[in-house]
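Read the figures in this text as sums done on the coordinates, not as results from a lab. Given the structure is predicted, the values throughout are model-derived calculations rather than measurements. Every residue, glycine among them, receives a Cβ derived from its backbone with ideal geometry; neighbour counts consider all protein chains shown.
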Number of protein chains: 2
Amino acid sequence: MKGGEIINSLKEKILNTSIELFYKKGFEATGVREISKKAKVSPSMINYHFGSKKGILKEIMELFFSYMEEYLNKEHVEEKKFEERIRMAIKSLVIALRKNEKMFKIIMTQIPDDDIDLIEYRTEKMKKIILGKIFLDEFKGFNSNVKYEIIGPALSGMIFSHFLLKDIATQISGKIFDDEFYEIYPDYIADIYLYGALKKLKE
Amino acid sequence: MKGGEIINSLKEKILNTSIELFYKKGFEATGVREISKKAKVSPSMINYHFGSKKGILKEIMELFFSYMEEYLNKEHVEEKKFEERIRMAIKSLVIALRKNEKMFKIIMTQIPDDDIDLIEYRTEKMKKIILGKIFLDEFKGFNSNVKYEIIGPALSGMIFSHFLLKDIATQISGKIFDDEFYEIYPDYIADIYLYGALKKLKE
DNA sequence: GTCTATAGTCCGATAGAC
DNA sequence: GTCTATCGGACTATAGAC
């Protein structure tokens, strides 16, 4: 499971099936019987391998965040200038989220808000990714009265909402998001964010 | 219920309690017993007034969309120029969503994806709000090769994600979104969208 | 219109055999 | 490590009295 080892194939089957079902139907709407039936294992295997249904959620979070940290650490953006750093940060974030979009949606929308452990774990990890690694560091060179609690979330909002609202966007517009789309998407977002829609529209 | 009439106080109690619970815990995680207990009515009143638990969801959608349509129809932006129209559209959308942020989050994240009727109803109404009323009309004056399926969602993404991820944003940043915040928020979003973050940072 | 009582189903978790 | 069988409780919806 960790780092691509192939151990415990049954556990992986449960995990992958759970990701599909939690993504499509939601955590609460998915029963352990449904997971075990679709994964072709016994229901008791869920409790044996994960302790409880919530235990699956915990492992999904660990898998997602360990992937994200590893992926985003690979990038060396320190030596680039501001525009280029923002552009690269957007590109790598889009790639990383696209590879894990089901887990991302589950983690952002399906964690029960009364499970303090899971909520705190998510908060800590998201803080590391959003504040530490990607956005706030980039703004340190600037000394203005800009509200960072708007300008940062404005960027992450453009990206996050795409992955969270993908299905609804497809229902509304009919647009399907394929490889061709994701090739131009990060640069478009970067352009709008850095230079605005007006420049984009008039060019 | 419609247009502020005060009829059927028990039905309203159930509806308001449901909005609170669906927002906080999610639709599936909330039981009819819990709603009825908190609203201090009998569980059978839910089926009497709404037919089923899903019936509450349907009424929440109708309430939200009738409010949004009424509110957004009040604005007369046709005579303004592009920048001003975008700015006003953002402001009225933010005000309308803030007034109904709980219903909005429920509608965007809690509709069961296998309930075709509810999904289609949401799609039709969202299309009317997003495509027809607010964004796409604004771009008709431009003849460029700009991808509207990016530039439109980029704007709605900045706004929608704020309301969908508010709680997580507060957990991460500690920031609380008060009246003061919402006074500057729409213009900030408009500035970033129209002219970009770089201009904002350097001014 | 509102209640109590309950029917009928499904839930997550576990005991115990292999 | 994997299975079958089952416990105890919670679920939504409804019947029927008032």
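Overview of values
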{"quantity": "Rounded Å value of the spacing that divides the Cα centres of segment A:86-112 and segment B:48-107", "calculated": "28"}
{"quantity": "Sequence of A:Thr123, B:Thr17 once ranked by neighbouring C-beta atoms within 10 Å, starting from the fewest", "calculated": "A:Thr123, B:Thr17"}
{"quantity": "Label geometry 7 Å along the beta-carbon vector: A:Pro112 inter-copy distances in nm", "calculated": "1.9"}
{"quantity": "Distances in nm from A:Phe177 to the matching label points in the other copies, shortest first (labels 7 Å along Cα to Cβ)", "calculated": "2.0"}
{"quantity": "Relative contact order, percent, chain B [alpha-carbon distance under 8 Å, six or more residues apart]", "calculated": "20"}
{"quantity": "Kirkwood hydrodynamic radius over Cα pairs of segment A:51-110, then Stokes diffusion coefficient at 25 °C and 0.890 mPa s, in µm²/s", "calculated": "191"}
{"quantity": "5 Å-binned pair-distance histogram of chain B (Cα, whole percent)", "calculated": "1, 6, 13, 17, 18, 15, 12, 8, 5, 3, 1, 0, 0"}
{"quantity": "Flagged links, alpha-carbon separation over 29 Å, of A:Lys74/B:Lys25; A:Lys91/B:Lys58; A:Lys38/B:Lys25; B:Lys74/B:Lys200; A:Lys125/B:Lys105", "calculated": "A:Lys74/B:Lys25; A:Lys91/B:Lys58; B:Lys74/B:Lys200"}
{"quantity": "Ranked A:Phe27, B:Phe181, criterion: other C-beta atoms within 10 Å, fewest first", "calculated": "B:Phe181, A:Phe27"}
{"quantity": "Added length on full extension, which subtracts the Cα-Cα distance from 0.36 nm per residue, A:Glu34 to A:Tyr67", "calculated": "9.2 nm"}
{"quantity": "Shielding score for B:110-121, defined as the mean number of other chain Cβ atoms within 10 Å", "calculated": "2"}
{"quantity": "Shielding by partners - mean other protein chain Cβ count within 10 Å, residues of A:159-168", "calculated": "6"}
{"quantity": "Shortest-first distances to equivalent copies, position A:Glu83, nm, label 7 Å out along Cβ", "calculated": "2.1"}
{"quantity": "Area projected by the alpha carbon convex hull of the protein assembly as shown, averaged over all directions, nm²", "calculated": "21.6"}
{"quantity": "For chain A, size of Cβ-based charge dipole, Lys and Arg +1, Asp and Glu -1, in debye", "calculated": "440"}
{"quantity": "Using alpha carbons only: equivalent-ellipsoid semi-axes of segment A:8-55, gyration tensor based, whole Å", "calculated": "15, 11, 9"}
